[in-house]
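S.K.: My questions will all concern the structure given below.
The values are calculated or read from the model by the stated rules, or taken from the named source; none is laboratory data. All of these numbers come straight from a predicted model, not from anything done at the bench. With ideal geometry, Cβ positions are generated from the backbone for all residues, glycine too; neighbour counts draw on all protein chains shown. Calculation scope for accessible area: heavy atoms of the full protein, side chains included, ligands and nucleic acids excluded. Shrake-Rupley method; radii C 1.70, N 1.55, O 1.52, S 1.80 Å.
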Amino acid sequence: MRRTRLAGALTAVLALALAATGCGDGSGDGSAGTGAPASTKAATAPDRVEPLADPAGPRLPVTVPSADGRTVTVASTERIVPLSGSLNEIVFTLGLGGKVVARDITATFEQAAKLPVVTRAHDVSAESVLSLRPTVVLAESTTGPAEAVAQIRDAGIPLVVVKPAKDLADVGTRIAAVAAALGVRDSGTALKERTQERIDAVRKGIPAREEKPRVAFLYVRGSAAVYLLGGAESGASSLLEAAGAVDAGKESGLKKDFTPITSEALAQAAPDAILVMSKGLASVGGIDGLVKIPGVAQTPAGAAKRVVTVDDGVLLNYGPRTDQVLKSLVGQLYGEEK
């Protein structure tokens, strides 16, 4: 499924969906945005992160601002617990994966897959975290419940909160915040530069089109009966716009993050293609099941079965693999995935 990271109203939805579904990754078993055949390889980002080739060692102690208004001093990075998939990804890519002792359920990349899970959909188990004897914990503003976060702090564990990411502009900011908290600012600078260069390279290769494709981001979990249409605050708009597309939900006037899917809302959005997470697609029975959701088949995207899929664990992470997410979107939308 690092997302990364989904927040706000979707947090409760994700908790429900994760509890109710256990499906594996779905593949785009129909057509991509231009009618070109989609494949599992095209639909999902690689399941490994790429650590920096020459990462710097931590220079500690450091005192850094936390996004919740506190100031936190970190004296050791020997046992790191990142409480979201996106934060796990950043720590591993900075070259500190060997110090990580736990993961969020969305941190499914190969290097982290065997670590114990201590958070699910931003819901942290304080007891599980404390049992691992962490020397520093990294959290999101959406991590909760508040009582669990307070319990970790009350145990004397340095806990640094990082603002959630909502668009491409947040990628470098989050990398820098994590790097600073772990005493590896130079590695943070190097990773920011590498990530931005790769994003820029993908954007330069986007085909020029007179009419931009309209893409609706749907969050679906069939077993939990969750069917949502993304709006301006869903987190997908920046990616879609960077891929040369129009966020159909946002363009149709949906100002918040998500709204229940209705035939009227889909008709107003009128997407040429639908973006959905791979596990979400699998949970409704693939593309054939997706078009059975009321209103989907009546859209241009549904009628043509134009569906774009990206793995749940990376789509909205806005982390070091954002270029891969963007490349996958571009390739599927324009039929040029290599």
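S.K.: What are the radius of gyration and Dmax of segment 208-338, computed over its Cα atoms and given in Å?
M.R.: Spelled out, the Cα radius of gyration and Dmax of segment 208-338 are 13.3, 40 Å.
S.K.: By how many nm would the segment from residue 193 to residue 155 grow when fully extended, if each residue of separation counts as 0.36 nm and the alpha-carbon distance is taken off?
M.R.: Between residue 193 and residue 155, full extension yields an extra 10.0 nm.
S.K.: Using 10 Å bins from zero, what percent of all Cα-Cα pairs in the chain falls into each bin?
M.R.: Result returned by the calculation: 6, 28, 34, 21, 9, 1.
S.K.: Now for a different question. Rounded to the nearest percent, how much of the accessible area of the chain (1.4 Å probe, protein heavy atoms only) is carbon and sulfur?
M.R.: 50 percent
S.K.: A further question on this structure: Heavy-atom accessible area per residue, the chain, 1.4 Å probe: how many Å²?
M.R.: Dividing the accessible area of the chain by its residue count gives 40 Å².
S.K.: Here is a follow-up. So what's the back-of-envelope 222 nm ellipticity for the chain, counting only DSSP H runs of four-plus at -39500 (n - 2.57) apiece and dividing by all residues, rounded to 500?
M.R.: -9000 deg cm²/dmol, from helical runs alone.
S.K.: Using heavy-atom solvent-accessible surface (probe 1.4 Å) with all chains present, what is the largest-first order of 115, 191?
M.R.: Ranked list, largest accessible area first: 115, 191.
S.K.: Between segment 209-236 and segment 288-338, what's the alpha-carbon centroid distance in Å?
M.R.: Result: 9 Å between the Cα centres.
S.K.: While we're looking at this one, here's another question. I need the phi-derived Karplus couplings for segment 134-147: 6.51 cos²θ - 1.76 cosθ + 1.60, θ = phi - 60°, integer Hz, Gly and Pro marked x.
M.R.: Residue by residue, segment 134-147 yields x, 9, 7, 10, 10, 10, 9, 4, 8, 5, x, x, 4, 5 Hz.
S.K.: Label 7 Å along Cα→Cβ of residue 48; segment 109-134 residues with amide nitrogen under 11 Å?
M.R.: Counting backbone N atoms under 11 Å from the label point, the list is 110-111.
S.K.: Work through the residues other than residue 131 whose Cβ is under 15 Å from its Cβ and net out their charges, Lys, Arg +1 and Asp, Glu -1.
M.R.: Local net charge: +2.
S.K.: Separation between the residue 127 and residue 292 pseudo-spin-labels, each 7 Å from Cα along Cα→Cβ, expressed in nm?
M.R.: 4.0 nm
S.K.: On full extension of the chain, what length is gained from residue 304 through residue 255, given 0.36 nm per residue of separation minus the C-alpha to C-alpha distance?
M.R.: Roughly 14.9 nm would be gained on extension.
S.K.: Same structure again: Could you go through segment 118-131 in sequence order and give the Karplus-derived ³J(HN,Hα) for each residue, using 6.51 cos²θ - 1.76 cosθ + 1.60 with θ = phi - 60°, rounded to whole Hz, and x for Gly and Pro?
M.R.: With coefficients 6.51, -1.76 and 1.60, one gets 10, 9, 9, 6, 6, 9, 9, 9, 4, 4, 5, 4, 5, 5 Hz.
S.K.: Shifting gears a bit: For segment 273-288, in order, what is each residue's ³J(HN,Hα) by Karplus, 6.51 cos²θ - 1.76 cosθ + 1.60 with θ = phi - 60°, in whole Hz (x at glycine and Pro)?
M.R.: Ordered by residue, 3J(HN,Hα) equals 8, 10, 9, 9, 5, 4, 5, x, 4, 4, 5, 9, x, x, 4, 4 Hz.
S.K.: Continuing with this model, one more query. Can you list residues whose amide H is under 5 Å from residue 79's amide H, if they're 5+ apart or on another chain and H is modeled 1.01 Å from N?
M.R.: Sorted by chain and number, the residues that satisfy this are 135, 136.
S.K.: Run a plain Debye calculation on segment 287-336 (Cα atoms as equal point scatterers, no solvent) and give log10 I(q)/I(0) at q = 0.21, 0.30 Å⁻¹, rounded to two decimals, same order as the q list.
M.R.: Rounded to two decimals, the profile gives -0.80, -1.01.
S.K.: If the cut-off is a Cα-Cα distance under 14 Å, which aspartates and glutamates reach residue 99, setting aside same-chain residues fewer than 8 apart in sequence?
M.R.: Counting by Cα, and skipping residues close in sequence, residue 99 has these aspartates and glutamates nearby: 78, 89.
S.K.: How far, in nm, would the chain grow between residue 120 and residue 71 when pulled straight, counting 0.36 nm per residue and subtracting the alpha carbon separation?
M.R.: Computed gain between residue 120 and residue 71 is 15.0 nm.
S.K.: At q = 0.14 Å⁻¹, what log₁₀ I(q)/I(0) does segment 85-224 have when each alpha carbon counts as one equal point scatterer in the Debye sum?
M.R.: Result of the Debye calculation: -0.76.
S.K.: If you count the DSSP beta bridges with both ends in the chain, what percent of them are antiparallel, to the nearest 5?
M.R.: Bridges in the chain that DSSP calls antiparallel: roughly 40 percent.
S.K.: Also: Leaving ligands and nucleic acids out of the surface, order 99, 212 by accessible area at 1.4 Å, largest first.
M.R.: The ordering from most to least exposed comes out as 212, 99.
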